[in-house]
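Enquirer: Okay, handing you the structure first.
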Amino acid sequence: MIMFDLPSLVRENVKHLVPYSSARDEFTGKADVYIDANENSLGSPLTRWYNRYPDPHHQALKAKLGTIKGVSPEHIFIGNGSDEAIDILYRVFCVPAKDNVIICPPTYGMYEVSAHINDVELRKVELTRSFQLDLEALERSIDGQTKMIWLCSPNNPTGNVLDRADVEMVLNNFEGIVVVDEAYINFSRQRSLIPDLADYPNLVILQTLSKAWGLAALRLGMAFASPAIIDFMNRVKPPYNINQATQELALLALDEVDQVNDMIRLLVEEREKLTSVLSGMRGIRKVHVSDTNFLLVEMEKAHEVYRFLLDKGIVVRDRSKTPLCEDCLRITVGTPAENQKLINALMAFSFS
């Protein structure tokens, strides 16, 4: 087991940062009159309640998420989508023009975009042809300025989970921060790493309400980590990063766990049906095993098929120019009717 030293990883300016103190930080509880935050006391055109600033600490949301995820609220950061959590991790741990991070493409694109925005060197260690970690290449790429390793499991765009033993090997041997993005974990056969947080002080787990929960428009992402890491993230975030409407709607949605589980089951069933049908179709070379709500499909004339589907009013993602995803389209599992429309269109395409 590594000797993990969190303070040595945090940027000096963040270590000594005094976060912005809002009016809601200085007073907690209930009052009859709120005239402390320069809000419009007359209300708003929408409702009298949206004239007030939202809870900057998302206490009700964290309490409910903690119950669902089996973790205490101090282990939870809530962001404006996972993308905000990604950006904040860079700003907490990476000194611009000095530190570096490692990603394992093909993978989610915002790890790279945020590295460039924050002027952090990006090192790429491609996955193997079976879409697993190349541990030897990963080890060779690490140096004294490597602050974070980004892993996506289940991975986007490949759809597979990374081997758990390989992920644990990285966690046990890398002295920096290991971020495991579990955006699609609800569709997976593999369990989340959240129960293992106590064993890995260098672990940060990302999840989202955009996928299984069907709340992509609300832009609500989560990070799970040690209270010490969460504290640094909270220091850096804007005071009111999650608006009141999002918090209210998310709380309502989190009461519907059974409905979400039913949707997950239906999407997984449709994923397996779609895999079976596509695997037997002419022109389809391979449907990669998926633990997500999408399929990576290798086929002949992938770009031509993409254009053909667009003409039919069907939008998929062309990944054919992505390393290791040559001749591949990424296809989200739709409703039964949408999936049938896709199948009909592919059957009409001339692969000869």
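The values are calculated or read from the model by the stated rules, or taken from the named source; none is laboratory data. In this text the structure is predicted, and so the values were computed from the model without any measurement. When we count neighbours, we look across all protein chains shown, and the Cβ atoms used for this are built from the backbone with ideal geometry, even at glycine.
Enquirer: Here are some conditions: (1) part of a loop (DSSP other than H, G, I, E, B); (2) without any contact (Cβ under 8 Å) to a residue 12 or more places away in the chain; (3) closer than 19 Å to P54 by Cα. E248 meets all but one. Which one does it not meet?
Expert: (1)
Enquirer: Taking the stated definitions as given, is G66 in the same structural domain as I230 (by TED's automatic domain parsing), surrounded by fewer than 22 Cβ atoms within 10 Å (Cβ to Cβ) and free of Cβ contacts under 8 Å to residues at least 60 places away in the same chain?
Expert: Yes: the conditions hold for G66.
Enquirer: To continue, here is another question. If I ask for residues that are out of contact with any helix residue (DSSP H, G or I) (no Cβ under 7 Å at 6 or more places or on another chain), part of a loop (DSSP other than H, G, I, E, B) and more than 21 Å from A253 (Cβ to Cβ), which ones from the range 29-60 would you list?
Expert: If the condition is that a residue be out of contact with any helix residue (DSSP H, G or I) (no Cβ under 7 Å at 6 or more places or on another chain), part of a loop (DSSP other than H, G, I, E, B) and more than 21 Å from A253 (Cβ to Cβ), then G29, K30, A31, D32, V33, Y34, I35, N38, S41, L42, P45, R52 are the ones that fit.
Enquirer: Continuing with this model, one more query. From the set of residues in the range 86-140 that are in contact (Cβ under 8 Å) with a residue 40 or more places away in the chain and farther than 24 Å from I230 by Cα, which is surrounded by the fewest Cβ atoms within 10 Å (Cβ to Cβ)?
Expert: Only one residue fits best here, namely R129.
Enquirer: Does L329 count as part of a strand (DSSP E or B) and over 22 Å from M263 (Cα atoms)? Explain how you work it out, then say what you get.
Expert: Values: part of a strand (DSSP E or B): yes; over 22 Å from M263 (Cα atoms): yes.
Answer is yes for this residue.
Enquirer: Across the range 61-86, what is the number of residues that are of a type outside the set (D, E, K, R) and part of a helix (DSSP H, G or I)? Can you show your working first?
Expert: Taking the range 61-86 and keeping what is of a type outside the set (D, E, K, R), we get 61, 63, 65-68, 70-73, 75-82, 85-86.
Add one more test, that the residue is part of a helix (DSSP H, G or I), and what stays is 61, 63, 65-68, 73, 75, 81-82, 85-86.
Count: 12.
Enquirer: Residue check: is G144 assigned by TED's automatic domain parsing to the domain that holds E84 and farther than 22 Å from E326 by Cα?
Expert: yes
Enquirer: What's the total number of residues in the range 13-40 that are closer than 14 Å to D55 by Cα, among the charged types (D, E, K, R) and under 31 Å from the mean Cα position of the chain (by Cα)?
Expert: Adding up the residues that qualify gives 2.
Enquirer: Do we have T47 as surrounded by fewer than 17 Cβ atoms within 10 Å (Cβ to Cβ), closer than 30 Å to G159 by Cα and out of contact with any strand residue (DSSP E or B) (no Cβ under 7 Å at 6 or more places or on another chain) here?
Expert: Taking the combined requirement at face value, the residue does not satisfy it.
Enquirer: What tally of residues in the range 272-283 results from selecting those that are free of Cβ contacts under 8 Å to residues at least 40 places away in the same chain and either among the hydroxyl-bearing types (S, T, Y) or in contact with a strand residue (DSSP E or B) (Cβ under 6 Å, 6 or more places away or on another chain) (or both)?
Expert: Number satisfying all stated conditions: 3.
Enquirer: T107 - would you say it is over 30 Å from L61 (Cα atoms), in the same structural domain as P227 (by TED's automatic domain parsing) and not in a strand (DSSP E or B)? Talk me through it step by step, then tell me what you get.
Expert: Details: over 30 Å from L61 (Cα atoms): no; in the same structural domain as P227 (by TED's automatic domain parsing): yes; not in a strand (DSSP E or B): yes.
No: the conditions fail for T107.
Enquirer: Which of the residues that make up the range 138-158 are out of contact with any Asp or Glu (no Cβ under 8 Å at 6 or more places or on another chain) and not in a loop (DSSP other than H, G, I, E, B)?
Expert: Selection gives L138, E139, R140, S141, M148, I149.
Enquirer: Kindly indicate which of I194, I229 is touching a residue at least 40 places away in the same chain (Cβ under 8 Å), crowded, with 16+ Cβ neighbours inside 10 Å and more than 17 Å from the chain's Cα centre (by Cα).
Expert: Going through I194, I229 in turn, the sole match is I229.
Enquirer: Let me ask something additional. Identify the single condition in (1) assigned to a helix (DSSP H, G or I); (2) under 30 Å from V204 (Cβ atoms) that P323 does not satisfy, given that it satisfies every other one.
Expert: (1)
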